[in-house]
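Worksheet for the structure shown next.
We did not get these values from a lab; they are worked out from the coordinates using the rules stated. Quick caveat, the model's predicted, so the values are computed rather than measured. All Cβ positions, even for glycine, are placed from backbone atoms using ideal geometry, and neighbour counts span all protein chains on display.
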Ligand code: GAP
C-alpha cells in the first residue's frame, strides 16, 4: 500500500495539488488544485454528471453557496451540526473528542489490548452528549497524543458552520453561513425544478459544488478539509418506496466507482449504526486509503425530513400533487452524497502503481505509473519528436496542435525518449505519440500505450481518431 506522503509529494511536484497560500506558510485544511489537478477534478465531475443527469429522471442545478439563514435553521444545522471539542490545558492542543477516543482505541488494538479496545468502542458508540465523551476520556486517562498530558477541559459542542455577514453591516441580523453541504440548495429548489421541468416522483436533482466546514481537526491531505467539493443528488420518491430506491442508488453509486477503476476489494459498504437526525437508513461507501478505510460517499434515506422542515419554516407548500388521482404527498428522499475532492484523493491513491522493469541489458528499474482510467487522465496524449532536427519538430508540432484541438495534450522535446515516457507515466497519460525519421518520410507515427507499453505504428492523420476510439472503448 502506497504511503500517503508519497501521494502528497507526487501531487505537489507534478502539479496536482498544492497547499493553499503556500508562500505564506499554508492555510490549514485548504488545498489548491494545480494544472493537472483541475483536469482530474473536471474529469471526475464530468463522469459523475453524465452518470447522474444524462437520464430522463434527473435534472441538474447550481445553487448559490450563500443561502437564506433560515435554511440552516430548518435543516437542523444551526442547532445540531456540531462536533464535540476538547482542549488540553497544558499543551493547548484542541481535538475532536470522538476522534481522540478513536485514535486511542486504535493504539490499544495495535498493542493487542483487544478487550479494552472493544469495551471502549462500545462506550463510544453509545456516546452522544459532550459529557459522555468527557467521561470516557477522563475515566480512561486518555492522554494528549502529542504531549501525553491528561489535563483536559470539559467537552463542548462546536458548530462547524462558517459564519459571515451579508452586506456592509456586521451585526447578528446580517449573519449568514457558507453552506456546509450542497444538499440544501437542492431542497429549496425542489418546487422550482419540479414545476419548470414538469417532473414527477420518482425524480432527482443533482448538484456539484463547494461546501465549507470549520472542522476542528483537519487531517489526511484532502480527506478532511475545511473547504471541499461535493457531488450530491436528491431523489424524490413516493413515501414507502424508500427501501427499494435506497438499494437501487447504493448499487448505482458502487458501480460508478468500479467503472472508474477502483477494484471491489478496495471498496466496502459501512452501514450507519448511529443515524443522523434526518435519516431512517444510511450507508457509506468506504475506500481503503493508505491510513485505512475511510468514507468517500454517503447514501442516505432522508425521509421527508428536509422538505417538511422547509415547508414549516418557509410557509410554502413543498408537496407533489398528482393532477389525475389528486394524490398529494411530501416526497421522501434518497440522497447520494459524494466528496469530489475526497474522491479525487481516492482516485489518486488507487492509480498509484510502482512496477519493476528490466531493460534489454538486464538492468532493473522501477516505473511509477498513475493508472487512471484514461478518461480521468489529466493529459490524454503527449507528442515527442525523437530528435530536435531533420524536420521532426515541425512535423510533431503540427500533429500536437491538431491533437490539442480535441484533447488536453503535452509537447515534450527534452531528454531521452525513455525519460519522456516515464514523465508521462507518472501523471497517467495514456498515449505517447513519437515522431521519428520515418514519420517525416511516410507520415506515420508510433503510439505507445501507458499500461502495456506496447507501440503501434499508425498514419499521423489517424492519431486523433485513434485516441478517440481508445478513450471511448476504455
Ligand atoms: N448532504 C449530506 C452530507 O453532506 P456527509 O456525509 O456529511 O453528508 C458527504 O458528506 C461527503 O462529503 C462525504 O462522504 C465526503 O466525501 C465529503 N466530505 C464531508 N466532509 C468533508 C470534509 N471535511 N473534507 C472533505 N470532504 C468531506
Could you work out how far apart the two model spin labels at residue 413 and residue 165 are, taking each label as a point 7 Å from the Cα in the direction of the beta carbon, and quote it in nm?
5.7
Take residue 151 and residue 73, extend 7 Å from each Cα along the Cα→Cβ direction, and tell me the distance between the two endpoints in nm.
4.3
Cα shape, the range 166-253, gyration tensor, a/c 1.5 rule
oblate
Heads up, the range 343-474 by the C-alpha gyration tensor (a ≥ b ≥ c square roots of eigenvalues; a/c under 1.5 rounded, else a/b over b/c prolate, else oblate) looks oblate
Computed, not fitted: 222 nm per-residue ellipticity of the chain from DSSP H runs ≥ 4 (each -39500 (n - 2.57)), nearest 500, equal to -10500 deg cm²/dmol
For the chain: relative contact order, % (alpha-carbon pairs under 8 angstrom, 6 or more apart):
13
In whole percent, what relative contact order does the range 379-473 give with Cα contacts below 8 Å and a gap of six or more residues?
29
Global form of the range 422-473, assessed from the alpha-carbon gyration tensor, a/c cut-off 1.5:
oblate
Going by Cα centres, the range 86-139 and the range 239-306 are how many Å apart?
26
What percent do you get for the relative contact order of the range 276-327 when only Cα pairs under 8 Å and 6+ apart count?
29
Based on the alpha-carbon set only, what is the convex hull volume of the chain divided per residue, in Å³?
201
What FRET efficiency would be calculated for the residue pair residue 174, residue 329, taking the C-beta separation as r and a Förster radius of 41 Å, to the nearest 0.05?
0.65
C-alpha center-to-center spacing [the range 432-447, the range 390-423] in angstrom:
11
Longest principal axis of the chain (C-alpha) makes with the long axis of helix 340-351 (C-alpha) an angle, in degrees to the nearest 10, of 50
So for the pair residue 198, residue 469, with labels modelled 7 Å out along Cα→Cβ, what separation do we get in nm?
4.2
Any chance you could run the full-extension gain for residue 9 through residue 398? It's 0.36 nm times the residue separation minus the Cα-Cα distance, nm to one decimal.
136.6 nm
